Each structure stands twice: as C-alpha cells, then as structure tokens.
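Okay, so here's the structure we're looking at.
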Amino acid sequence: MSVARNGLLWVSVMLCACAGMVRAQETPSADDVARELSNPVGSLASMVFQGTWSRWGGSAPGIGDQSTSSFIFLPTLPFKVGPGNLILRPSFPLAAAPRPDGADGWTKARGFGDIALVANWGRVESSGILWSFGATSVFPTATNEMGKGQVQLGPAAILGLIKPWGVLGAFWQHWWGLTSDPGEDKVNVGTLQLFYWFGLGGGWQVGGSPVPTANYMAAKTEFTVPLNLGVAKTFLLGSMPLKTTLQGQYFVTRPDMAGPSWGVFFQITPVVKVPW
C-alpha cells in the first residue's frame, strides 16, 4: 500500500512538473514576442502608434528652417486563411508640413492625411523565408492639402527571412492614381521599406526600417532614401506585450528643391487580443 501511495505521489509530482513545463513553453518570452512583432506576416494583432519628425533641406530659400511631423495610427490585423495569414493594415495619419506662403516664405499646414489600406496574404516557410503578396490603396481623405487628392491603387509584396537571431527583408508597394483633377498628373510613386532587426536578449533589438521612395511623377525621377538605425525594447506587462521603438534617420538623397534631411521617429506597439 505504501509503495502504491509513493508511486501515486511520484506520478502526481511528474504530472505537475510536466504541466508546469508546458505552461512555461506556452508563455512566450520577450525575445519571441519582439521577433514576432517584427515579422510582417506574423499572427500577432497590434495597434501601432507612430510619431515622426524631420528637418528639411534643399535649394529652396528658407527650406532649411522648415520641418515636418506626423502621428499615425496603424493597426495590424491578422486573419488565419488556409496555410497562411491575411494581414490588413489600415493607417490613419495626422500631419504638419511646410507650404509656400506666396511671398517667398513658408507657412505650416496641418490636417488629416490620406487613409491607406494594405491587404497581404503570406506565410513563413519552415526554412524561415517569409513572403506575402496583395494590394495597397490610398483614399483622398486629407484636409488642408495634406494628401494627393487621388484614389490610388497598386500591388504590394514582402520577402524576408526570420530566424532566432532576428528578422530582415523588404516590403514593396507601388501606387498609381486612378483619379485626378484636370491638368494634374496622376500619382506614380513606389516605396521599398527595408526592415532589419537583430535580437540582443531581454526583449532588446537593434536595427531599422527605412522607407526609400521613388516619385515617377516628376520630369526626372526623384528619390528619397533614408538610412535608419535604432533600438527597440519589448516588455511583458502582465498578459499584454508592449514594444517601443526609437530610430534616427539620415537622408542620403532627396529632391533637390526641398525634402527631408534628417529626423527621428518612434513607435509604441501594444499587442491586442482579437475575437477571431
């Protein structure tokens, strides 16, 4: 009887230990969450709050004293579809930017920007290669001339690699204007957002996510190319992970007349639970 009781006790202890190990394995670490939030085809839903500030430069008189700023709400909503995820990313911007005042000076325009929506389907392969494809669109919701005033549509695609040491890749988008006012050129703009984040342990990452832009509307294609470097830290606040990011930007090229010269931007990204 004593042997039976001892055997039952040991079985109970082992079951409790195994249950504890399963719970530990099911609870992601800060490094796991940080890497998954850097994965553009991941399964975590999040609400990104992004702020940017850029000092301008160029040959236009007085442009070196001007700056732009913006605040963007960017939810990321994944839906499991087949063997991959459908990712919806709407963006809702508020912005402030310099405008010529008609007297060889500048004034600051502020308002709501154009709402954009990206819809991509993709997945991560067993090799760590991640990919997706879909469409991107822009709607003319801007006030005070803070947008292009055109409905825009185009393709979007992502190719990258995710490993235990981090994530790297590129996110390509291109927009063509579908509507325009008489005498106005239709939008023809492309971006290639690079992302490179490397884990340092403890939820810390170092890397960047610059967004080079090509504007094909001008007589000569205008390129705006930033270099980014920053740090990110992911916290586990009870059951809610929270990621914070701070990056510096230096623009190696911009439009000759006026464009961003250098700047900073930050992101605050809480992970949220969704009902699906």
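Values quoted throughout were computed directly from the atomic coordinates according to the rules given, and no laboratory measurement underlies them. Note that the structure is predicted; figures quoted are calculated from it, not measured. Virtual Cβ from ideal backbone geometry, glycine too; neighbours counted across all protein chains shown.
Its residue count N fixes a reference of 2.2 N^0.38 Å for region 103-188, and the Cα radius of gyration divided by that reference is 1.49.
Placing a pseudo-label 7 Å from each Cα along the Cα-to-Cβ vector at residue 246 and residue 268 gives an inter-label distance of 1.4 nm. Remark on region 166-276: hydrodynamic radius 16.4 angstrom, per the Kirkwood mean of 1/r across alpha carbon pairs. Region 201-276 and region 116-185 have Cα centres spaced 15 Å apart.
With 26 Å as the cut-off, how large is the P(r) tail for the chain, expressed as percent of Cα-Cα pairs? Cα-Cα pairs in the chain separated by more than 26 Å: 50 percent. Karplus-based coupling profile of region 176-193, in residue order and whole Hz: 10, x, 9, 9, 6, 6, x, x, 9, 5, 7, 4, 8, 9, x, 10, 9, 6, with θ = phi - 60° in 6.51 cos²θ - 1.76 cosθ + 1.60 and x standing for Gly or Pro.
Dividing the summed helix terms, -39500 (n - 2.57) for each DSSP H run of n ≥ 4, by the number of residues in the chain produces a 222 nm estimate of -4000 deg cm²/dmol to the nearest 500. Note on residue 153 and residue 193: the model spin-label points, each 7 Å out from Cα along the C-beta direction, lie 2.2 nm apart. Rg and Dmax of region 132-182, based on Cα coordinates, read 15.6, 53 Å. For region 24-178, the alpha carbon convex hull comes to 144 Å³ per residue, rounded to a whole number. Here's the list of aspartates and glutamates a cross-link from residue 220 could span, going by alpha-carbon distance under 17 Å and ignoring same-chain residues fewer than 8 apart: 184, 185, 256.
For region 214-276, the alpha carbon convex hull comes to 115 Å³ per residue, rounded to a whole number. Close amide-amide hydrogen proximity is noted between residue 227 and 250, 251, 252, each under 5 Å apart and 5 or more residues distant or on a separate chain (H modeled in the peptide plane; Pro and chain starts excluded). Solvent-free Debye calculation, one equal scatterer per alpha-carbon of region 67-110: log10 I(q)/I(0) at 0.15 Å⁻¹ equals -0.56.
Listed by chain and number, the lysines whose C-alpha is less than 21 Å from the C-alpha of residue 163, apart from same-chain residues fewer than 8 away, are 233, 243. Straight-line cross-link partners of residue 80 among the lysines, defined as a Cα under 18 Å from its Cα and at least 8 positions apart when in the same chain: 273. Here the Karplus curve 6.51 cos²θ - 1.76 cosθ + 1.60, taken at θ = phi - 60°, turns the phi angles of region 248-261 into couplings of x, 10, 10, 8, 6, 8, 7, x, 4, 6, 6, x, x, 10 Hz, with x standing for Gly and Pro. The angle separating the long axis of helix 2-26 from the principal Cα axis of greatest extent in the chain is about 0 degrees.
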